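Structure record follows, encoded as structure tokens.
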Amino acid sequence: MKEPKSPMGRMWHLYKMGGITPAIASMLGSSHAQQMAFIRSISREQRKESVLDTPLEELETVVFDLETTGFHPYNGDEILSIGGVLTKGRELQDAEPFYTLVNPKRKIPRHITELTGITNEMAESAPDLVQALHDFMDFAGKRLLIAHGSGHDKQFLNAALWKTSKIQLTHRVLDTMMIAKWLEPKRISYGLDELLEAYGIEVTVRHHALHDSLMTAKLWFRFLEIIRRKQVVTLGDLYAYLSRH
């Protein structure tokens, strides 16, 4: 059966296929239910995709970053903002980048406000978590996700997806920190600031999800130049090298 394209059609399709119950739809309201159904449908479609044979020079990615209230998504910390840019090979795509604040439904610690510039007043008027996830998943589509120090971001995305939609992240996530460790095993620090400086990438605004995404994308492009010279051709090849380090 061909799956309908409209959000409402997808929700009804999921309902008929047992993916969302009338009770849940009633409890959450139709808008929330549509968003949850869309997130789950993207997750399901992603499981069908295999990009391992894709040449890195043709690979479409979303380089993204999250700002959060802390480091513990399963102990009360929440996503504050999500940023992302689209790339193909070693170029940024013309599509508008993604950025949204997220209402964490809790007070933001003062040191986080000082770090990110995100105040309680800004967050209170921001979209809620399920809306932000819906919009980010729509932006990302089936593309590979890239982040620096991705363990933090992946943990928060998984917690948020489970909280809102009872699913886990099914997208592949590539970590530029792990690539740096493979390329420069003797380096002392693999923090984003140090790597940006080492590779001559201009620092704009740190700890802003969109700016960090753009700078990480430029770092990814630098790494791709080196990786190409090592005759690593496909994403599968790259994963194979990273698994040995």
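Key figures
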quantity: E91 vs. criteria over 11 Å from the mean Cα position of the chain (by Cα), at pLDDT below 95, within 30 Å of I227 (Cα to Cα) and surrounded by fewer than 20 Cβ atoms within 10 Å (Cβ to Cβ); calculated: no
quantity: Identity of the residue in the stretch 104-124, touching a strand residue (DSSP E or B) at 6+ places or on another chain (Cβ under 9 Å), among the β-branched types (V, I, T) and part of a helix (DSSP H, G or I), that ends up farthest from H72 (Cα to Cα); calculated: T116
quantity: Residues of the stretch 105-128 that turn out to be more than 22 Å from V205 (Cα to Cα) and buried (at least 21 other Cβ atoms within 10 Å of the Cβ), as a count; calculated: 0
quantity: Residue in the stretch 164-184 that is within 19 Å of the chain's Cα centre (by Cα), in a loop (DSSP other than H, G, I, E, B), of a type in the set (D, E, K, R) and farther than 20 Å from V62 by Cβ present; calculated: yes
quantity: Any chance E197 is among the acidic types (D, E) and more than 25 Å from L86 (Cβ to Cβ); calculated: yes
quantity: Hits in the stretch 78-117 - residues which are in contact with a Pro (Cβ under 8 Å, 6 or more places away or on another chain) and not small (G, A, S); calculated: E78, I79, L80, V85, L86, T100, L101, V102, N103
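A quick yes/no check of all residues on (1) touching a Pro at 6+ places or on another chain (Cβ under 9 Å); (2) crowded, with 20+ Cβ neighbours inside 10 Å; (3) modelled with pLDDT of 95 or more:
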| site | (1), (2), (3) |
| --- | --- |
| D175 | no, no, yes |
| I179 | no, yes, yes |
| L183 | no, no, yes |
| S189 | no, no, yes |
| L192 | no, yes, yes |
| L196 | no, yes, yes |
| G200 | no, no, yes |
| A209 | no, yes, yes |
| S213 | yes, yes, yes |
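The values are calculated or read from the model by the stated rules, or taken from the named source; none is laboratory data. All figures in this text were calculated on a predicted structure; none of them were measured in a lab. Positions of Cβ are generated from backbone atoms using ideal geometry, with glycine treated the same way; all protein chains shown enter the neighbour counts.
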